[in-house]
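Below you'll find the structure, written out as structure tokens, and then a few comments.
No value in this document is a laboratory result; all are computed from the given coordinates. These figures come from a predicted structure and were not determined experimentally. Cβ atoms come from the backbone with ideal geometry, glycine included; neighbour counts cover every protein chain shown.
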Amino acid sequence: MKLVLFDGNLETMKPITYGKSSCDTLCGGKKIIEHILPHFEKEYNHTILTSKELIDLTKLRNPKVEVTESNEEESLYYNVSVFPFKEITKKIEGLKINEVLTYNDRIICGRYNGRVTLFTIEKELSKLKKIELKLKEKPIILDYPWDLVSHNSNLIKSNFKEIPEPKGEIDDNAFIIGNPKQIYIGENSVVEPGAILDVRKGPIIIENDSFVHGHSRIEGPVYIGKNCIIGGAETAILHKGTCIGDVCKIGGEVEETIIHEFTNKAHFGFLGHSVVGSWVNIGAGATNSDIKSNYGEVKVEHISTGDKIKAGKFIGTAIGDHSKISILSRIMTGKQIGYCSVIGGTIRSNIPSFRFYHEGNDKLDVFRKDKAIEMVKSMMGRRKKFISKDYINAQLDLLDVLYRD
């Protein structure tokens, strides 16, 4: 039988999911799909149900999984906004045709035979016989970008248990505070003399082919992906709860933040309690606020739905793929930036996709399509050894569709 993972939070995870399936968002050093699939039996045929414009990129990111915009055969449909555990999967195994599991009226999983798309699946499943789950422990639920941040630290700690023996090199003159066994260094990765690795509050994971420059400070739990440079152009301070995707350059101060692959924040400036998409560049001195001056709860106006949401006390920014943040920019608490926008100055309200904004200009200009394509091609051209021509074309095709929308 098919196990179909559907992007039940694709809309609410924007601006991060303008450019990727919810299955491909990072949390705890793994993609969401990597957290979910190990909980299901291997005999299932795994499929991702996502929006039409994301299919090509999702296929390239998940070559071993079928990706589709619609499905017609009898399948188990699982909502990726909820992380499964044994109590949930046991209930799923007993599901009969035309039954759906819910938790606090949220659809978790249904067994259904009939044609669905991402935009009709929850409507069809809501017609089925409901079985409300009464769980002993509360599941991890990911609706908004700040939910990824909330669970990131604990998931890094959990994932460290699965890590093999270290293969990389920590210089004898690097400083380790805490138990060295809480550090994993991947193959061909190097930690230079003078770097500080503090694992008193959680592990540090550094994947293959990454380089940590001297005088950087990393405070676990922290995850650093493959082919990353930490503290090259500027000393890096990575506080607990930071997750860095593959092929990133990171400097300055980063706290409780998730940065997706191919993004650069190489220079000084603070980035906290935030989620940053792929192919983003954050210029020198750019800083975000992640707490109100009165220490009160942050009310976020969602960039896509327009809903006003009480999000918590520490809420930074969320930045969509391919956006560029100019030097010395200041992003106010809880403000979001869409897909492929260029901004500079003080950001006091959300910036939609494909916008060009610099302080002093009274209007929010539309970013010309030809300029957007030129910018995207230029940045991807600097990482050609890590990406295929098909990947580049899929990114440009997505840009074209999103621009027309």
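Tabulated values for the structure
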| quantity | calculated |
| --- | --- |
| Exposure proxy ranking, count of Cβ atoms within 10 Å, fewest first, for Thr50, Thr12 | Thr12, Thr50 |
| All aspartates and glutamates inside 18 Å of Lys369 as judged from Cα atoms, apart from same-chain residues fewer than 8 positions distant | Glu53, Asp321, Asp397, Asp400, Asp405 |
| Karplus (6.51, -1.76, 1.60) ³J(HN,Hα), θ = phi - 60°, over region 147-154, in Hz, Gly and Pro reported as x | 5, 4, 5, 4, 9, 4, 4, 5 |
| Debye, to nearest 20: dipole size of the chain, +1 on Lys, Arg Cβ, -1 on Asp, Glu Cβ | 580 |
| Net dipole in debye of region 240-362 [+1 Lys, Arg Cβ; -1 Asp, Glu Cβ; about Cα centre; nearest 20] | 240 |
| Of Met13, Phe83, Leu60, farthest towards positive along the dipole that unit charges on Lys, Arg, Asp, Glu beta carbons give region 2-143 | Phe83 |
| Per DSSP, loop trypsin sites (Lys or Arg not before Pro) in region 1-104 with at most 11 further Cβ within 10 Å | Lys42, Lys64, Lys96 |
| Region 1-87: chymotrypsin sites (Phe, Trp or Tyr not before Pro) in DSSP loop, at most 15 other beta carbons within 10 Å | Tyr44, Phe85 |
| Largest-first ellipsoid semi-axes for region 2-143, taking √(5λ) over the Cα gyration tensor eigenvalues, angstrom | 21, 17, 15 |
| Kirkwood Rh (inverse of mean 1/r, distinct Cα pairs), the chain, angstrom | 21.8 |
| q = 0.15, 0.16, 0.21, 0.25 Å⁻¹: log10 I(q)/I(0) that the Debye formula gives for region 230-318, counting C-alpha atoms only | -0.56, -0.63, -0.98, -1.21 |
| For Ile347, distant residues with modelled amide H under 5 Å away | Arg330, Ile331, Met332 |
| Given Lys91/Lys130; Lys30/Lys313; Lys59/Lys249, the pairs whose alpha carbons are separated by over 20 Å | Lys30/Lys313; Lys59/Lys249 |
| Under 5 Å, built H, 5+ apart or other chain: amide partners of Tyr112 | Ser75, Tyr77, Asn98 |
| Selected from Ile373, Ile325, Gly312, residue furthest toward positive end of dipole (region 310-400; charges at beta carbon) | Gly312 |
| Diffusion constant of region 158-202 at 10 °C, which comes from Stokes-Einstein with the Kirkwood Cα-pair radius and 1.306 mPa s, µm²/s | 144 |
| Convex hull (Cα only) mean projected area of region 146-367, reported in nm² to one decimal | 11.8 |
| Protection proxy ranking, peptides 125-133, 337-345, average beta carbon neighbours within 10 Å, highest first | 337-345, 125-133 |
| Relative contact order (%) - the chain, alpha-carbon pairs under 8 angstrom, separation at least six | 11 |
| ³J(HN,Hα), Karplus 6.51/-1.76/1.60, whole Hz, each residue of region 284-292, x for Gly, Pro | 4, x, 5, 9, 10, 8, 10, 7, 6 |
| Test item: Cα-centred dipole of region 124-280, Lys/Arg +1 and Asp/Glu -1 on Cβ, debye | 820 |
